[in-house]
1. When the residues of the range 93-103 are narrowed to those that are within 18 Å of MET273 (Cα to Cα) and either at pLDDT 90 or above or β-branched (Val, Ile, Thr) (or both), which ends up surrounded by the most Cβ atoms within 10 Å (Cβ to Cβ)?
2. Just to be sure I understand, how many residues within the range 253-271 are modelled with pLDDT of 85 or more and not hydroxyl-bearing (Ser, Thr, Tyr)?
3. Hey, among LEU154, LEU166, LEU218, which residue is within 28 Å of SER117 (Cα to Cα) and of a type outside the set (Lys, Arg)?
4. When only residues in the range 275-296 that are aromatic (Phe, Trp, Tyr) and within 18 Å of GLN88 (Cβ to Cβ) count, which is surrounded by the fewest Cβ atoms within 10 Å (Cβ to Cβ)?
5. Are any residues in the range 69-87 surrounded by fewer than 18 Cβ atoms within 10 Å (Cβ to Cβ), among the aliphatic types (A, V, I, L, M) and part of a loop (DSSP other than H, G, I, E, B), and if so, which ones?
6. Just to confirm my filter: which helices (runs of 4 or more DSSP H) fall fully inside the range 228-319 and include at least 2 residues that are under 23 Å from ILE51 (Cα atoms) and not basic (Lys, Arg)?
7. Name, by its number, the condition in (1) within 25 Å of LEU263 (Cα to Cα); (2) in a helix (DSSP H, G or I); (3) modelled with pLDDT of 90 or more that does not hold for MET90.
8. What number of residues within the range 221-243 are surrounded by fewer than 16 Cβ atoms within 10 Å (Cβ to Cβ) and either at pLDDT 80 or above or touching a Gly at 6+ places or on another chain (Cβ under 9 Å) (or both)?
Amino acid sequence: MPKKNNINQDELFRFIDSDTISSEKITAPRYSYWKSVFRVFFRKKINIFLIFAMAFILLSAFILPNFWYYDYMENVTDPTTFNLNPAQAMERFGGDIKWVLGTGPYGNSIMYGIVSSARTSLLLAIICAAINMVVGIIVGAIWGYSKRVDQVMLVVYNIVANVPYLLLVSVLVYVIGSGFWSFVCALTITGWLGIAYFFRTQVMIIRDREYSLASRCLGTPVLRVINKNILPFLTSVIVTLLATELPSYISMEVFLSFIGVGLSAEVPSLGRMISQAQTAFLSYPWEFWPPVAIASAITIILYVLGQNLADASDPRTHM
């Protein structure tokens, strides 16, 4: 005969408390977008090396000029200091690190010149990129979301875009002046317009999605819809834009100073150093290649870091 099951019914069934608060608790680990971004970003070891390299350049450019005063005409009265190669300069000045890269056409220190010039170029790039990105993103978001604004801004864009940007900047530098802030003004008066147009296209792609339409039907203000529904989905686009903007201003400053349209003579910059050394390219290569190498290194590091951060900020890479 089968054994009698002596299990009490109280052991088979138990009451579940329908606590509303407990039922809404999620047992899955909390997801942090930016934590995931940086985890993906630092997965590439090259990024760590580039960050240390960029940090070294930034610290050198922004701290050392406070202790190393650079004067282009420092030894102009002593012809024996003109155009000395690194070995000759170190022997002439007693092994001071100031002369480790040699001297320029007026006995100026190439080392001090590069440090001071890198500071100017980096400061110019950071300020211009910050102004153009902020203005371009705000205007582009409103431009792409509002059809009335779109009609007006398209006319403005078509007029300004038909004028070559370098020509426009050159004319503005001649009109406003060639000082540092004048150069910043020339690069930012219309520099944000291209960013705004690109961002407008991205906003138009996602503005009519279901959640945005639902927010509009519920009466959500336009700025809140843009801030909460649209901009978070364009984080990787913003980072990609920033990755191209920062190096582009350094390249533009170098090019414009190289052709004599950039910063004024009293403001040290990498472009001006390269321009002044172009005639001595074969005779005194130590005056030409160090500023070219630093300008190239800054541009490449910023671009690669920006592109890798843009890839990491794409949610599809977090799968």
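The values are calculated or read from the model by the stated rules, or taken from the named source; none is laboratory data. As the structure is a computational prediction, the values presented were derived from the model and not from experiment. When we count neighbours, we look across all protein chains shown, and the Cβ atoms used for this are built from the backbone with ideal geometry, even at glycine.
1. Top of the filtered list is THR103.
2. Count: 2.
3. Testing whether each residue is within 28 Å of SER117 (Cα to Cα) and of a type outside the set (Lys, Arg) leaves just LEU166.
4. Step by step, filter the range 275-296, then rank; the result is TRP289.
5. MET73, VAL76 - these are the residues of the range 69-87 that are surrounded by fewer than 18 Cβ atoms within 10 Å (Cβ to Cβ), among the aliphatic types (A, V, I, L, M) and part of a loop (DSSP other than H, G, I, E, B).
6. Here the list reads 235-258, 289-313.
7. So MET90 meets the others, but not (1).
8. 2
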